[in-house]
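S.K.: After the structure tokens below, expect a handful of questions from me.
The values are calculated or read from the model by the stated rules, or taken from the named source; none is laboratory data. Just so we're clear, the structure is a prediction, and the values are computed from it rather than from any experiment. Cβ placement follows ideal geometry from the backbone for every residue including glycine, while neighbour counts extend to all protein chains displayed. The area values use the complete protein model at the heavy-atom level, side chains included, leaving out ligands, DNA and RNA. Shrake-Rupley method; radii C 1.70, N 1.55, O 1.52, S 1.80 Å.
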Amino acid sequence: MPSTPTLPTPPRLSALQVLACGALIVTLSMGIRHGFGLWLQPITQAQGWSRETFSFALAIQNLSWGIFGIFAGMAADRFGAFRVLIGGAVAYALGLAGMALSTSSLGFALTTGVLIGAAQAGTTYAVIYGVIGRQIPAEKRSWAMGVAAAAGSFGQFLMVPVEGWLISSFGWQQALLFLAGAVLLVMPLALGLREPGFAGGAPVHREQTIGQALREAFRYRSFQLLMAGYFVCGFQVVFIGVHMPSYLKDHGLSPQVASYALALIGLFNVIGTYAAGALGQRLAKRHILAFIYFARAAVIAVFLIAPLSPMSVYVFSAVMGLLWLSTIPPTNAVVAQIFGVAHMSMLGGFIFFSHQIGSFLGVWLGGVLYDRTGSYDIVWYLAIALGVFAGLVNLPVREGPISRAPQRVGAAA
């Protein structure tokens, strides 16, 4: 009986090229995104809007990022990351320009919320991690994901002070227009991520269809638990990233303290995310994730109990920075370890959608409850309770490859 012919394995990009281009793209895309909290007070004061209006637009942004991330992941898995990155860069530039020029709350929500959210879906982790998963050998994959996540953290350290300087030097509108031009640098960097297996735009062979991959993942308990934990990650980091500058100003601290605090989070997260990725090659990733969530809950609790001062803010920011995006490498590495890399960007997109639902609630509740109560206390307490919950649900995650019966699929599935 003749054997079934095997499809040739396309050549891989060099690891240095993948990591250099991917890291620079994430540095730029995430670096801009992490500074949006600096625009809360300038925009609301200039436009006469409430904090809830600004927070709702950023909440929509996070939800849009999550929704479009699913489809960006599907497109990247099927046709390669290059085209998705080009479209994402153009949308990001248009969204930042719209954020600067919108004069109504609806226009602000559509540009700052929907358009920038869609752009972030096409220029950040799900798409870049799909390339890493396909191009980097499994024995180095968790480490490589840590490098890419560390780049996003370095972007926060690098870009947030630059964004603060742009606002103070040129005004909030002109600062956004400068960033709109800068984000187009993603386009030439995307050339370095043109994968040989996607030459000509033809879809590659898959052992599973999209439907089969989704049914398998959503029926698998560990995938559900990872989604629950990532929901909490989104709630915590986006609430803190967007509302902490205003929280600190409300308590009499200068805007420079907030800028330095966000920069410290980014700087220390370079260490945290790299360490999480490297440790993921040696330790159980579920234990790494549980530790991160438990530690976040403890750090927030101590921050609220301790007297507030610039030094306490800087210590909190440094420690929280070690835990900030360090969930990303182990979470995505577990997904690849369980399900393989054929549909990794798509499955990562669904995991990230859960993260963004949490982000939506974190940033929106921060604005709503502040306007209702004059305080962020309730949301801080929620962040602590959810951290304990996330630590518990990650402990039973099973990391081994899923047992999969042979499935009949089409060549282009």
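S.K.: Can you tell me which residues in segment 72-86 are out of contact with any His (no Cβ under 9 Å at 6 or more places or on another chain) and touching a residue at least 24 places away in the same chain (Cβ under 8 Å)?
M.R.: Across segment 72-86, the qualifying residues are ALA72, ALA76, ARG78, PHE79, GLY80, ALA81, PHE82, ARG83, VAL84, LEU85, ILE86.
S.K.: Within segment 248-280, which residues are closer than 22 Å to ILE338 by Cα and open to solvent by 70 Å² or more (accessible area, probe 1.4 Å)? Steps first, answer last, please.
M.R.: Filtering segment 248-280 down to residues closer than 22 Å to ILE338 by Cα leaves 273-280.
Across segment 248-280, the qualifying residues are TYR274, LEU279.
Rundown of residues vs (1) touching a residue at least 12 places away in the same chain (Cβ under 8 Å); (2) in a helix (DSSP H, G or I); (3) not aliphatic (A, V, I, L, M), yes/no style:
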site: HIS355; (1), (2), (3): yes, yes, yes
site: VAL368; (1), (2), (3): yes, yes, no
site: LEU382; (1), (2), (3): yes, yes, no
site: GLY387; (1), (2), (3): yes, yes, yes
site: GLU399; (1), (2), (3): yes, no, yes
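S.K.: When you check ALA405 against the structure, is it modelled with pLDDT of 90 or more and of a type in the set (Gly, Ala, Ser), yes or no? Full working, then the answer.
M.R.: Numbers: modelled with pLDDT of 90 or more: no; of a type in the set (Gly, Ala, Ser): yes.
No.
S.K.: Taking segment 76-92, which residues are open to solvent by less than 50 Å² (accessible area, probe 1.4 Å) and part of a helix (DSSP H, G or I)?
M.R.: Passing the criteria: ALA76, ASP77, ALA81, PHE82, VAL84, LEU85, ILE86, GLY87, GLY88, ALA89, ALA91, TYR92.
S.K.: Only one residue in GLY31, GLY95, GLY130, GLY66 is modelled with pLDDT of 90 or more and either outside any helix (DSSP H, G or I) or not hydrophobic (A, V, I, L, M, F, W, C) (or both). Which one?
M.R.: GLY95
S.K.: Right, something else. Looking for whichever is within 24 Å of ALA258 (Cα to Cα), β-branched (Val, Ile, Thr), free of Cβ contacts under 8 Å to residues at least 60 places away in the same chain and open to solvent by 10 Å² or more (accessible area, probe 1.4 Å) here; the options are THR111, THR103, THR44. Which one fits?
M.R.: On the way: THR111 fails: within 24 Å of ALA258 (Cα to Cα); THR103 fails: within 24 Å of ALA258 (Cα to Cα).
THR44 is the lone residue from the list that is within 24 Å of ALA258 (Cα to Cα), β-branched (Val, Ile, Thr), free of Cβ contacts under 8 Å to residues at least 60 places away in the same chain and open to solvent by 10 Å² or more (accessible area, probe 1.4 Å).
S.K.: Is there any pair with a first residue in segment 299-326 that is closer than 29 Å to LEU279 by Cα and without any contact (Cβ under 8 Å) to a residue 60 or more places away in the chain and a second that is among the basic types (Lys, Arg) and assigned to a helix (DSSP H, G or I) whose Cβ atoms are under 6 Å apart and which are 6 or more apart or on different chains, and what are they?
M.R.: LEU323/ARG296
S.K.: Moving on to the next point. I want to confirm something. Restricting to segment 116-138 and keeping residues that are under 16 Å from the mean Cα position of the chain (by Cα) and either polar (S, T, N, Q) or open to solvent by 10 Å² or more (accessible area, probe 1.4 Å) (or both), which single residue is nearest to PHE353 (Cα to Cα)?
M.R.: Top of the filtered list is ALA126.
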